[in-house]
Structures are given as C-alpha cells and as structure tokens.
1. Subtract the Cα-Cα distance of Ala14 and His26 from 0.36 nm times their separation in residues, and report this length gain in nm to one decimal.
2. Can you check what the net charge comes to around Thr62, using other residues whose Cβ is under 15 Å from the Cβ of Thr62 (Lys, Arg +1; Asp, Glu -1)?
3. What's the local net charge at Asp48, with K and R +1, D and E -1, over the other residues with C-beta under 15 Å away?
4. Given contacts defined as C-alpha pairs under 8 Å and at least six residues apart, what's the relative contact order of region 1-48, whole-number percent?
5. Relative to the compact-globule scaling 2.2 N^0.38 Å, provide the ratio for the alpha-carbon radius of gyration of the chain.
Amino acid sequence: IGIRPEHMNISTTAGDWKASVGVAEHLGSDTFLHVHADGVGTLTVRADGELAVHHGDTIYLTPDQAKLHRFGPDG
C-alpha cells in the first residue's frame, strides 16, 4: 500500500494503527513525524502546524481510505 504523509489522521487516543514517534520535526506551519507503526513499518506523517508530540510518544494513525493506494504484484 501507499499513502502520502498528509493523508493520515493523527490522534493521541485512538486510531487504526498504533505508532511510536521516533523524530518530531516541528517546522512552524507543519510538523513531520517519523514513526514506527505496529504491523505496518516506518512511516513519515505530516501534521498541520505544531503538534505536541515528542520522541517516544505513542500516537494512533488512521489513513484516509479514499487516498490509500493499493498496489498489486504488477505494480
């Protein structure tokens, strides 16, 4: 599967994928999170503005199903 960093909903309480924050890059208008999601792997996620999460925090991710790309064996 494939999904763009901005097409992920982020919550500190509930979601489809539980993840641990590795790096949180607070860049003013955006925050980029490099996370490891259980059963999914390492992802980069983009949030608008400042998001109050830090290294080691647990977050929950829910992909926007309309923006999720599914690839078959032929690409």
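Every number here is computed from the coordinates shown, using simple stated rules; none is lab data. Please read these numbers as outputs of a predicted model, since none were measured by experiment. Here Cβ is always computed from backbone atoms with ideal geometry, including for glycine, and neighbour counts include all displayed protein chains.
1. The span from Ala14 to His26 would gain 2.1 nm if fully extended.
2. With Lys, Arg at +1 and Asp, Glu at -1, the neighbours total 0.
3. Working: positive: Arg4, Arg46; negative: Glu6, Glu25, Asp30, Glu50, Asp64.
Combined, the nearby Lys, Arg, Asp and Glu give -3.
4. After rounding, I find 36 percent.
5. So the Cα radius of gyration is 1.09 times the expected 2.2 N^0.38 Å.
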